[in-house]
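Participant: Here it is: the structure, laid out below.
The values are calculated or read from the model by the stated rules, or taken from the named source; none is laboratory data. Because the structure is predicted, anything quoted here is derived from the model rather than measured. When we count neighbours, we look across all protein chains shown, and the Cβ atoms used for this are built from the backbone with ideal geometry, even at glycine. Note: accessible area is taken over every heavy atom of the protein model, side chains too, but ligands, DNA and RNA are not part of it. Shrake-Rupley method; radii C 1.70, N 1.55, O 1.52, S 1.80 Å.
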Amino acid sequence: MITVIAQSARIARTISYALGADFEYNGYYANEKYFITWTYGHMVELSAPGIGRDFWLSNQSFPILPESFPLTHAPSQHASGRYMPDPQLAVIKHLLEKSRKVILATDPTERGDLMAGYLLRFLNFDGKMVRVALNDLMHETIKNAITYPSDNTSGFADNLRQLELYDRMDWLTNLNINRAIAFSVGRNTYPVSRTSLPILHLVAEREKAIKEFSPKKSVIPTITVRDSDGGVFSFRCADEWNEIPEGFNEAVKADAPVEVVSIETEQVDTKSPKLLNIEELQKMAALHFGMDPLETYRIARGLYEKKRISFPGSSRAGLIRRDFDDFKKDVYPAMCIAKCFKALMGDNYSPYYTTSAKSLYNRPHGIVLTAFPFVGLSDDERKIIYLVGRGMLATFQRSFRRNVTKVTLACGGYTFIAKYVKVVRTGWVRLFDDTIKSSRAVPNVEIGQSLTVESVGEIGRTTKQPVPMVDFTLLKMALSLHEPDCRENVVKDIRYLRSHGYLHRNLAGEYSLTEKGQALAYVTRDMKIASADDIKFWESAVYQVATDQLPESVFNDILHKYVTDVTNELLASHKLSKPMGVEEVCPKCGHGKMRIFGKIAKCNNPECGHYIHRQIQGVTLSSREIHNLLSIGSTSTIRGFIGADGKPFAGKVTLDDNHSPIVIQVSK
């Protein structure tokens, strides 16, 4: 038998219809060849040895850096108990025991790959595995994908390795920073995540810019000249100043000599855009209709399951030739009838298989419409259909081509420039702007020709006050924090900030910090954990490990140091916990003072920043013991240390060669 695992019960039912699996059982469908079952998304997750439900309160060690990451079942709302596994896990395990092969038909996303990989490993399946991408839920697509699956096991394994590194990094970082904050101000007071904090600071910086805004004025001088035919043309100065510099008005004035320095003409060809993915769709929906990105995804996901559009994933790849031909045969005629698309296309539109639309491989592609009619939809669903269809029409259209001529003049030691555009072909741009037209003709001048200034003027500019972030601007800036292939979870990060009460979105779609968000932004401002630059650094590092450019052991060392640094930075923050009165000279640099906080002692010398954790082998050192350790190099005998064998013992704490605390056993 072959087990097919889908992303949800609804998709599993659709697959069962396509494959003729008419027998319905508890948790799966079946026929003589296939078992068709489903997951509930996040059913298996990372764990670590020794971390249980009482871990937050019983263990006060920082940071937590386990050597292994076993998998465990995730809490499920479908289970009878809070910490019980999802009953569907037992169903899948039972089916896999009867199967020689499994076909993973979960969502063709990074999260779908990771959850599927975790699931098979957790259930110890050692048979053949094939990963398929259901770009849409049309019966023909499902039959082709399941019946004749392409073997991309190696690609799936490589991608899974990269995703596991991301997950492990997030697990380590989020666990430690949340525990550090919890021990300072209380558990669940300020839950945070590594990738959401930089987004919070984007909103904080915008609010600060609005509050501190001061308008600035600038001026751009202009001149007019006559060409050989007597036509008058205006040119702008290449420089922009707050004030006109001294001597400019004497050098540049009416009847002043002007020389033609250069005339450059180039043909600019802007290719048609690629198909929309979910991130671009969310941006367009926010820009044109003010739709919440979370709502956009929900609607797009529903349209996918209704077979109206293909899967709303992160890919912007094009279609293979066969799919493009199917579009021209099935979807395009229906679009020609729909009023909204007919108005866009006009009378002369014809789809082309452009370079932006091409793909040589049958893989996850951008979002496209399916052959189903565009009826029976809500207003919001019609908006999404319109944006997807408009994106397709633009992709299947020729490039926007124009000739751009740049004329450069010199007058009184200053440079003046004018550009002239002649549209050769509007191409895809006419779908978005039907007012595109050529500028006036290029002036009839030659290089080296002498002209005279007819008149002098200026263009005044005043900086505009920043406005609050809306869905489009926040999403655009948040996406720019990540590498192009790592933007899948940006909307989830925004949802995380909103659901935990850090961000507020009003009816106009404007975002602002709540009091809780302002407090968190104040605490983490200028901290390493809130750095936007670190996001791309880690994405690049993970890619280097996945492609064998960086040894995984080196990556782990860098990661452990990063986790230690961000954890210690939070523990030593005077904004979270006030320092105690005891201060001793730093044993490492000999210049700074060691300030004692709730769980840590830190050197206040920024060039040193040495840390000593107060929690050592199950014992929290008191302020007096920290004082003795720093002043005389050792504490008195302390009872209650826990050895590697789990048994308590008495010992003294001293400093090693790296000035880090170690425990010397004095008695059992």
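Participant: When region 507-529 is examined, which residues are found to be of a type in the set (A, V, I, L, M, F, W, C), in a helix (DSSP H, G or I) and more than 15 Å from residue 206 (Cβ to Cβ)? Don't jump to the end; show me each part of the working.
Facilitator: Step one: list which residues in region 507-529 are of a type in the set (A, V, I, L, M, F, W, C), which gives 507-508, 513, 519-521, 523, 527, 529.
Adding the requirement that they be in a helix (DSSP H, G or I) leaves 519-521, 523, 529.
Selection gives 519, 520, 523, 529.
Participant: Could I ask something else about it? Spot the failing condition for residue 645; the list is (1) open to solvent by less than 70 Å² (accessible area, probe 1.4 Å); (2) in a loop (DSSP other than H, G, I, E, B), and only one is missed.
Facilitator: Every listed condition holds for residue 645 apart from (1).
Participant: It is to be established whether one or more residues within region 138-148 are charged (D, E, K, R), assigned to a loop (DSSP other than H, G, I, E, B), within 18 Å of residue 19 (Cβ to Cβ) and at pLDDT below 85.
Facilitator: The answer is no; no qualifying residue exists.
Participant: In the set 537, 555, which member is among the aromatic types (Phe, Trp, Tyr) and open to solvent by 40 Å² or more (accessible area, probe 1.4 Å)?
Facilitator: 537
Rundown of residues vs (1) touching a helix residue (DSSP H, G or I) at 6+ places or on another chain (Cβ under 7 Å); (2) aromatic (Phe, Trp, Tyr), yes/no style:
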position: 123; (1), (2): yes, no
position: 148; (1), (2): no, yes
position: 165; (1), (2): yes, no
position: 177; (1), (2): yes, no
position: 197; (1), (2): yes, no
position: 204; (1), (2): yes, no
position: 223; (1), (2): no, no
position: 235; (1), (2): no, yes
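Participant: Moving on. Do we find a residue being open to solvent by less than 20 Å² (accessible area, probe 1.4 Å), in a helix (DSSP H, G or I), in contact with a helix residue (DSSP H, G or I) (Cβ under 6 Å, 6 or more places away or on another chain) and at negative phi anywhere in region 90-110?
Facilitator: No, region 90-110 contains no residue that is open to solvent by less than 20 Å² (accessible area, probe 1.4 Å), in a helix (DSSP H, G or I), in contact with a helix residue (DSSP H, G or I) (Cβ under 6 Å, 6 or more places away or on another chain) and at negative phi.
Participant: What single numbered condition from (1) open to solvent by 70 Å² or more (accessible area, probe 1.4 Å); (2) of a type in the set (Val, Ile, Thr); (3) in a helix (DSSP H, G or I) fails to hold for residue 626?
Facilitator: Status for residue 626: all satisfied but (1).
Participant: Let me ask something else. Would you please name the residue that is nearest to the chain's Cα centre (by Cα), looking only at residues in region 325-384 that are open to solvent by 60 Å² or more (accessible area, probe 1.4 Å), hydroxyl-bearing (Ser, Thr, Tyr) and within 23 Å of residue 433 (Cα to Cα)?
Facilitator: My answer is 355.
Participant: Hey, among the residues in region 583-601 that are touching a strand residue (DSSP E or B) at 6+ places or on another chain (Cβ under 7 Å) and open to solvent by less than 10 Å² (accessible area, probe 1.4 Å), which one's modelled with the lowest pLDDT?
Facilitator: Looking at the filtered set, the residue picked out is 600.
Participant: Can you say whether residue 416 is buried (at least 19 other Cβ atoms within 10 Å of the Cβ), among the aromatic types (Phe, Trp, Tyr) and out of contact with any strand residue (DSSP E or B) (no Cβ under 7 Å at 6 or more places or on another chain), as far as the supplied structure shows?
Facilitator: No: the conditions fail for residue 416.
Participant: Working only within region 49-74, note down all residues that are modelled with pLDDT under 65 and either touching a Gly at 6+ places or on another chain (Cβ under 7 Å) or part of a loop (DSSP other than H, G, I, E, B) (or both).
Facilitator: Selection gives 49, 50, 51, 52, 53, 54, 59, 60, 61.
Participant: Residues of region 625-650 being among the hydroxyl-bearing types (Ser, Thr, Tyr) and over 23 Å from residue 591 (Cβ atoms), which ones? Reasoning before the result, please.
Facilitator: Going residue by residue through region 625-650, those that are among the hydroxyl-bearing types (Ser, Thr, Tyr) are 631, 634-637.
Listed by number, the residues that qualify are 635, 636, 637.
Participant: Mind checking which pairs have a first residue in region 1-26 that is in contact (Cβ under 8 Å) with a residue 24 or more places away in the chain and a second that is of a type in the set (Lys, Arg) and assigned to a strand (DSSP E or B), Cβ under 9 Å, 6 or more apart or different chains?
Facilitator: 1/101; 2/101; 3/101
Participant: Look through region 75-122, keep the residues that are of a type in the set (Gly, Ala, Ser) and under 23 Å from residue 156 (Cα atoms), and return whichever of them is modelled with the lowest pLDDT.
Facilitator: This residue is 112.
Participant: For residue 665, only one of the following conditions fails: (1) more than 20 Å from residue 584 (Cα to Cα); (2) more than 43 Å from the chain's Cα centre (by Cα); (3) crowded, with 18+ Cβ neighbours inside 10 Å. What is its number?
Facilitator: Residue 665 satisfies all of (1) more than 20 Å from residue 584 (Cα to Cα); (2) more than 43 Å from the chain's Cα centre (by Cα); (3) crowded, with 18+ Cβ neighbours inside 10 Å except (3).
Participant: Considering only region 609-616, I want to know if a residue exists there that is under 28 Å from residue 170 (Cα atoms), touching a Phe, Trp or Tyr at 6+ places or on another chain (Cβ under 9 Å), among the aromatic types (Phe, Trp, Tyr) and surrounded by 17 or more Cβ atoms within 10 Å (Cβ to Cβ). Can you show your working first?
Facilitator: Kept after step one, since they are under 28 Å from residue 170 (Cα atoms), are these residues of region 609-616: 609-616.
Those left that are additionally touching a Phe, Trp or Tyr at 6+ places or on another chain (Cβ under 9 Å): 613-616.
From what is left, the residues that are among the aromatic types (Phe, Trp, Tyr) are none.
No, region 609-616 has no match at all.
Participant: Open to solvent by 30 Å² or more (accessible area, probe 1.4 Å), at pLDDT below 90, under 20 Å from the mean Cα position of the chain (by Cα) and not hydrophobic (A, V, I, L, M, F, W, C) - does that describe any residue in region 516-530?
Facilitator: yes
Participant: Test of understanding: among 573, 631, which residue is of a type outside the set (Val, Ile, Thr) and free of Cβ contacts under 8 Å to residues at least 60 places away in the same chain?
Facilitator: Working: 573 fails: free of Cβ contacts under 8 Å to residues at least 60 places away in the same chain.
Being of a type outside the set (Val, Ile, Thr) and free of Cβ contacts under 8 Å to residues at least 60 places away in the same chain holds for just one of 573, 631, which is 631.
Participant: I've got another one for you. Within region 573-582, identify whether any single residue is surrounded by fewer than 16 Cβ atoms within 10 Å (Cβ to Cβ), in a strand (DSSP E or B) and more than 41 Å from the chain's Cα centre (by Cα), and answer yes or no.
Facilitator: For region 573-582, residues surrounded by fewer than 16 Cβ atoms within 10 Å (Cβ to Cβ), in a strand (DSSP E or B) and more than 41 Å from the chain's Cα centre (by Cα): absent.
Participant: What residue, among those in region 487-506 that are in contact (Cβ under 8 Å) with a residue 40 or more places away in the chain and in a loop (DSSP other than H, G, I, E, B), is least open to solvent (accessible area, probe 1.4 Å)?
Facilitator: Ranking the candidates gives 502 first.
Participant: Looking only at region 179-201, how many residues end up being surrounded by fewer than 19 Cβ atoms within 10 Å (Cβ to Cβ) and within 22 Å of the chain's Cα centre (by Cα)?
Facilitator: Within region 179-201, residues that are surrounded by fewer than 19 Cβ atoms within 10 Å (Cβ to Cβ) and within 22 Å of the chain's Cα centre (by Cα) number 1.
Participant: Please state which of the following conditions residue 437 fails to meet, knowing it meets all the rest: (1) outside any strand (DSSP E or B); (2) in contact (Cβ under 8 Å) with a residue 24 or more places away in the chain; (3) open to solvent by 90 Å² or more (accessible area, probe 1.4 Å).
Facilitator: Every listed condition holds for residue 437 apart from (2).
Participant: Any residue in region 289-312 that is open to solvent by 20 Å² or more (accessible area, probe 1.4 Å) and under 28 Å from residue 423 (Cα atoms)?
Facilitator: No, because not a single residue in region 289-312 is open to solvent by 20 Å² or more (accessible area, probe 1.4 Å) and under 28 Å from residue 423 (Cα atoms).
Participant: Could I ask something else about it? Can you find a residue in region 177-195 that is outside any helix (DSSP H, G or I) and of a type in the set (Gly, Ala, Ser)?
Facilitator: yes
Participant: Now for a different question. Does at least one position in region 221-243 carry a residue that is farther than 30 Å from residue 327 by Cα, without any contact (Cβ under 8 Å) to a residue 24 or more places away in the chain and hydrophobic (A, V, I, L, M, F, W, C)?
Facilitator: First pass over region 221-243, keeping only residues farther than 30 Å from residue 327 by Cα: 221-243.
Now drop any that are not without any contact (Cβ under 8 Å) to a residue 24 or more places away in the chain, which leaves 230, 241.
The next check asks that each one be hydrophobic (A, V, I, L, M, F, W, C); those that pass are 241.
Checked against the condition, which is being farther than 30 Å from residue 327 by Cα, without any contact (Cβ under 8 Å) to a residue 24 or more places away in the chain and hydrophobic (A, V, I, L, M, F, W, C), region 221-243 yields at least one hit.
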